[in-house]
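Peer 1: Here it is, the structure, as structure tokens.
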Amino acid sequence: MKPAFQRLRHWMWLPVTVFALLIGASEGGGGVTGTGSVACGAISDFGSIFVNEVEYFTNTANITIDGAPAQESQLRVGMQVRVEGLIFGTGATGQAATVKYDPDVRGAIDAPVVTNATGAFFTVDGVGVQATDRTFVDGALGAGQLSAGDRVEVSGFRDENTGNFVATRVTRNSVAPGTVLSGHVSSVTASTFVLGTITVTYDSTMLRDAPASGLADGMPVRVKSPADPSAGVLAAAEVRVLDGLRAAAGTEASASGVVSGLTTSTFFLAGIPVSYDGTTRFRNGTLANLANGAQVEAEGIADANGVLVAQKITFPAGDNAAADATVTAITANGFTLLSSNGVQVAVRADTKWKDKSAAKLATFGLAQLNVGDRVMVTGSEVSSGVVSADTVTRYDASTSVFVSGRARSVAGNAAVVVGTQAIATAGTVYVDADGSVLTANAFFAKAAGRTVKASGVLSGSQVVASELDIEP
């Protein structure tokens with residue numbers, strides 16, 4: 001029940017910001033100097049929680065979800081959270097004092113979901129939501145399976161180029177209470193404004209993080225209400241202004257999102273101003289890849305004007321993935337596993353090949369691979385169901401198969417792993433990351449966004465799972 005490869009933790013593409021308040025402290029028992037911090041970003045993994053590539057210990061943290069007290073077990077991958085606490089040492093770990101999650105959109109889908117080149121698009125009360133192959137979905141086998149009238153909760157980030165939200169997590173929940181809308185306001189008066197297709201009523205006591213002058217057209221806000229809109233009008237309970245880094249000069253800061261307003265020295269991430277120059281380092285890409293619409297994380301220092309002076313800019317990387325199955329087709333640049341529309345494997349010049357079958361070929365590569373061969377592949381899932389292979393190992397034939405990777409969507413008794421639907425049965429065994437056995441309900445409640453290994457047999461294009469593991 002241990003993973004077939006060592007999983008790496010990859011940063012996910014998130015909205016909003018991270019910034020640090022420079023206060024000194026020590027890690028309990030270790031004497032390690034810590035730097036006060038505030039981190040805003042999506043949860044990318046657990047084992048404590050990982051936010052913007054930092055592991056925050058939560059053993060003493062005050063956790064809230066939508067304003068209510070909560071436990072770490074209620075948090076999920078893809079949720080955009082705000083973490084306040086300390087960062088230790090080189091910045092790889094920290095201690096969370098508070099963890100807060102607030103949804104960006106909640107309500108009923110207005111119209112049928114549209115499939116486009118990026119993924120699935122829908123609106124909630126006129127607020128556009130774009131799901132991608134990196135969006136984690138609960139309660140459906142993919143965002144494309146959502147329907148008009150479904151109640152959903154969305155966590156994500158604003159794309160200022162399109163005016164839409166790019167979803168990092170979507171949850172379908174028929175009993176999701178109330179309404180949450182995020183976006184830019186228009187037609188602002190002292191008591192009303194328009195957001196999406198809804199007129200929102202409010203008063204000054206409901207404003208949070210707003211300037212002394214109050215709201216103005218074009219400001220990005222998050223509106224919460226315990227009610228649904230009625231006749232196109234929503235009575236707000238809270239209106240929070242979202243723009244700005246809000247970090248003191250000299251503090252550590254990071255921001256993630258979609259690049260907009262790019263110039264030769266500046267750009268914006270979800271309304272946060274970022275500057276860069278010849279000293280800025282790039283990861284998983286170069287300056288040539290920096291463009292409006294690109295998803296990046298910028299890390300650096302806040303200046304006196306609230307600008308994030310970027311020391312490093314990171315582009316996305318794929319999540320680790322693996323599969324062990326039979327080759328069903330071979331192309332010039334790779335091959336397919338499981339079925340005709342199964343896992344697509346792309347090989348590279350540096351892909352390592354091994355033959356551990358009875359043939360034991362000393363020279364083994366794509367030219368020696370045959371349809372019907374059983375292979376195990378490890379690598380990165382660069383898009384849904386597409387794996388860039390680090391290693392390809394051939395074994396003797398077997399009826400058993402497995403796929404391992406991020407569970408992008410979960411519904412009922414099924415999960416999608418590396419583009420493959422894994423189906424549970426009455427005999428399926430469910431195992432948590434610590435090796436403990438879970439119930440089916442407990443497994444599917446937490447599986448979306450986690451690294452899942454589905455082991456079993458192939459039935460058509462599906463894996464009928466004898467065991468489903470959440471991998472550590």
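The values are calculated or read from the model by the stated rules, or taken from the named source; none is laboratory data. Computed from a prediction, not measured in an experiment: that's the story for all the values here. Neighbour counts run over all protein chains shown; Cβ positions are idealised from the backbone, glycine included. Just so you know, the surface numbers come from the protein's heavy atoms only, side chains and all, with ligands and any DNA or RNA stripped out. Shrake-Rupley method; radii C 1.70, N 1.55, O 1.52, S 1.80 Å.
Peer 1: If you go through the stretch 422-460, how many residues are surrounded by fewer than 19 Cβ atoms within 10 Å (Cβ to Cβ), touching a residue at least 24 places away in the same chain (Cβ under 8 Å) and not hydrophobic (A, V, I, L, M, F, W, C)?
Peer 2: Number of matching residues: 7.
Peer 1: Would you point out which residue out of Leu269, Leu287, Leu308 is open to solvent by 50 Å² or more (accessible area, probe 1.4 Å), more than 24 Å from Arg406 (Cα to Cα) and of a type in the set (A, V, I, L, M)? First the steps, then the outcome.
Peer 2: Values: Leu269 fails: open to solvent by 50 Å² or more (accessible area, probe 1.4 Å); Leu308 fails: open to solvent by 50 Å² or more (accessible area, probe 1.4 Å).
Result of the check over Leu269, Leu287, Leu308: Leu287.
Peer 1: Further question on the same structure: Just the residues that are among the hydroxyl-bearing types (Ser, Thr, Tyr) and more than 26 Å from the chain's Cα centre (by Cα), please, taken from the stretch 422-460. Please lay out each step first, then the result.
Peer 2: We begin by selecting, within the stretch 422-460, every residue among the hydroxyl-bearing types (Ser, Thr, Tyr); these are 425, 428, 430, 436, 439, 451, 455, 459.
Selection gives Thr425, Thr428, Ser459.
Peer 1: Might you check whether a residue that is modelled with pLDDT of 95 or more and within 27 Å of the chain's Cα centre (by Cα) occurs anywhere in the stretch 354-376?
Peer 2: Checked against the condition, which is being modelled with pLDDT of 95 or more and within 27 Å of the chain's Cα centre (by Cα), the stretch 354-376 yields at least one hit.
Peer 1: Looking at Asn333, Asn341 in this structure, which one is at pLDDT below 95, touching a helix residue (DSSP H, G or I) at 6+ places or on another chain (Cβ under 9 Å) and not charged (D, E, K, R)?
Peer 2: Values: Asn341 fails: touching a helix residue (DSSP H, G or I) at 6+ places or on another chain (Cβ under 9 Å).
Just a single option satisfies the conditions, and that option is Asn333.
Peer 1: Related question: Across the stretch 164-217, what is the number of residues that are open to solvent by less than 40 Å² (accessible area, probe 1.4 Å) and in contact with a His (Cβ under 9 Å, 6 or more places away or on another chain)?
Peer 2: Total meeting the criteria: 1.
Peer 1: Only one of (1) surrounded by 15 or more Cβ atoms within 10 Å (Cβ to Cβ); (2) over 21 Å from the mean Cα position of the chain (by Cα); (3) outside any strand (DSSP E or B); (4) not polar (S, T, N, Q) is not met by Ile87, so which one is it?
Peer 2: In the conditions (1) surrounded by 15 or more Cβ atoms within 10 Å (Cβ to Cβ); (2) over 21 Å from the mean Cα position of the chain (by Cα); (3) outside any strand (DSSP E or B); (4) not polar (S, T, N, Q), Ile87 misses (3) alone.
Peer 1: I'm checking my understanding of the structure. Among residues of the stretch 143-163 that are surrounded by 24 or more Cβ atoms within 10 Å (Cβ to Cβ) and under 24 Å from Ser230 (Cβ atoms), which one is nearest to the chain's Cα centre (by Cα)?
Peer 2: Just the residues of the stretch 143-163 that are surrounded by 24 or more Cβ atoms within 10 Å (Cβ to Cβ), to begin with: 143, 152, 154-158.
Subsequent filtering for residues that are under 24 Å from Ser230 (Cβ atoms) retains 152, 154.
Values: Val152: 16, Val154: 11 Å.
Looking at the filtered set, the residue picked out is Val154.
Peer 1: I would also like to ask the following. Go through the stretch 323-355 and count every residue that is of a type outside the set (Val, Ile, Thr) and part of a strand (DSSP E or B).
Peer 2: Narrowing the stretch 323-355 to residues of a type outside the set (Val, Ile, Thr): 323-325, 329, 332-335, 337-342, 344, 346, 348-350, 352-355.
From what is left, the residues that are part of a strand (DSSP E or B) are 323-325, 329, 334-335, 337, 344, 346, 352-355.
Residues meeting the conditions: 13.
Peer 1: Residues that are buried (at least 19 other Cβ atoms within 10 Å of the Cβ), free of Cβ contacts under 8 Å to residues at least 60 places away in the same chain and not acidic (Asp, Glu): does the stretch 65-74 have at least one? Working first, answer last.
Peer 2: Taking the stretch 65-74 as the starting set, the residues that turn out to be buried (at least 19 other Cβ atoms within 10 Å of the Cβ) are none.
Within the stretch 65-74, none of the residues are buried (at least 19 other Cβ atoms within 10 Å of the Cβ), free of Cβ contacts under 8 Å to residues at least 60 places away in the same chain and not acidic (Asp, Glu).
Peer 1: Oh, and also: Need at least 1 residues that are in contact with a helix residue (DSSP H, G or I) (Cβ under 7 Å, 6 or more places away or on another chain) per element, so show me which strands (runs of 3 or more DSSP E) inside the stretch 209-322 make the cut, counting only ones lying wholly within it.
Peer 2: Details: elements: 220-225, 233-235, 238-241, 252-260, 266-269, 272-275, 281-283, 295-302, 308-314.
In the stretch 209-322, 238-241 are the strands (runs of 3 or more DSSP E) which contain 1 or more residues that are in contact with a helix residue (DSSP H, G or I) (Cβ under 7 Å, 6 or more places away or on another chain).
Peer 1: Name the single residue that is nearest to Arg240 (Cα to Cα) among those in the stretch 105-148 being in contact (Cβ under 8 Å) with a residue 40 or more places away in the chain and of a type in the set (Val, Ile, Thr).
Peer 2: Val105
Peer 1: Hey, which of the strands (runs of 3 or more DSSP E) in the stretch 384-472, taking only ones fully inside, have at least 2 residues that are under 22 Å from Asn173 (Cα atoms), at pLDDT below 95 and in contact with an Asp or Glu (Cβ under 7 Å, 6 or more places away or on another chain)?
Peer 2: Values: elements: 386-395, 400-411, 414-417, 420-431, 451-459, 462-470.
Once the strands (runs of 3 or more DSSP E) in the stretch 384-472 are filtered for at least 2 residues that are under 22 Å from Asn173 (Cα atoms), at pLDDT below 95 and in contact with an Asp or Glu (Cβ under 7 Å, 6 or more places away or on another chain), what remains is 400-411.
Peer 1: Turning to a different aspect of this structure: Sort out which residues of the stretch 356-374 are open to solvent by 50 Å² or more (accessible area, probe 1.4 Å) and either assigned to a helix (DSSP H, G or I) or touching a helix residue (DSSP H, G or I) at 6+ places or on another chain (Cβ under 8 Å) (or both), and write them in order of number.
Peer 2: Leu361, Ala367, Gln368 - these are the residues of the stretch 356-374 that are open to solvent by 50 Å² or more (accessible area, probe 1.4 Å) and either assigned to a helix (DSSP H, G or I) or touching a helix residue (DSSP H, G or I) at 6+ places or on another chain (Cβ under 8 Å) (or both).
Peer 1: Kindly evaluate Ala270 against the criterion of being in contact (Cβ under 8 Å) with a residue 60 or more places away in the chain, touching a Phe, Trp or Tyr at 6+ places or on another chain (Cβ under 6 Å) and over 28 Å from Gly250 (Cα atoms). Even if it seems obvious, please write down each step before you answer.
Peer 2: Details: in contact (Cβ under 8 Å) with a residue 60 or more places away in the chain: yes; touching a Phe, Trp or Tyr at 6+ places or on another chain (Cβ under 6 Å): yes; over 28 Å from Gly250 (Cα atoms): no.
In short, no.
Peer 1: Specify the residue that is farthest from Ala415 (Cα to Cα); the eligible residues are those in the stretch 115-142 that are part of a strand (DSSP E or B) and open to solvent by 30 Å² or more (accessible area, probe 1.4 Å). If you could, list the steps in order and put the result at the bottom.
Peer 2: So in the stretch 115-142, the residues part of a strand (DSSP E or B) come out as 115, 120-124, 127-131, 136-138, 140.
Those still in the list that are open to solvent by 30 Å² or more (accessible area, probe 1.4 Å) too: 115, 121, 123.
Numbers: Thr115: 20, Phe121: 21, Thr123: 25 Å.
Once the filter is applied, the top-ranked residue is Thr123.
Peer 1: Just to be sure I understand, how many residues within the stretch 195-208 are in a loop (DSSP other than H, G, I, E, B) and within 28 Å of the chain's Cα centre (by Cα)? Break it down stepwise before answering.
Peer 2: So the first thing to find is which residues in the stretch 195-208 are in a loop (DSSP other than H, G, I, E, B), and the list is 196-197, 202-203.
From what's left, within 28 Å of the chain's Cα centre (by Cα): 196-197.
Residues in the stretch 195-208 being in a loop (DSSP other than H, G, I, E, B) and within 28 Å of the chain's Cα centre (by Cα): 2 in total.
Peer 1: Condition check: modelled with pLDDT of 90 or more, crowded, with 18+ Cβ neighbours inside 10 Å, of a type in the set (D, E, K, R) and under 22 Å from Val137 (Cα atoms). Does Arg82 satisfy that? It would help to see each step written out before you state the result.
Peer 2: Numbers: modelled with pLDDT of 90 or more: no; crowded, with 18+ Cβ neighbours inside 10 Å: yes; of a type in the set (D, E, K, R): yes; under 22 Å from Val137 (Cα atoms): yes.
So Arg82 does not fit the description; no.
Peer 1: If you take the residues of the stretch 143-169 that are β-branched (Val, Ile, Thr) and modelled with pLDDT under 95, which of them is nearest to Thr123 (Cα to Cα)?
Peer 2: To start, the set of residues in the stretch 143-169 that are β-branched (Val, Ile, Thr) comprises 152, 154, 162, 166, 168.
So of that shortlist, the ones also modelled with pLDDT under 95 come out as 162, 166, 168.
Details: Thr162: 13, Val166: 12, Thr168: 15 Å.
Result: Val166.
Peer 1: Which condition from (1) open to solvent by 40 Å² or more (accessible area, probe 1.4 Å); (2) charged (D, E, K, R); (3) under 26 Å from Phe268 (Cα atoms) is the one that Arg222 breaks?
Peer 2: (1)
Peer 1: Among the residues of the stretch 234-251, count how many are over 23 Å from the mean Cα position of the chain (by Cα) and at pLDDT below 85.
Peer 2: Residues in the stretch 234-251 being over 23 Å from the mean Cα position of the chain (by Cα) and at pLDDT below 85: 6 in total.
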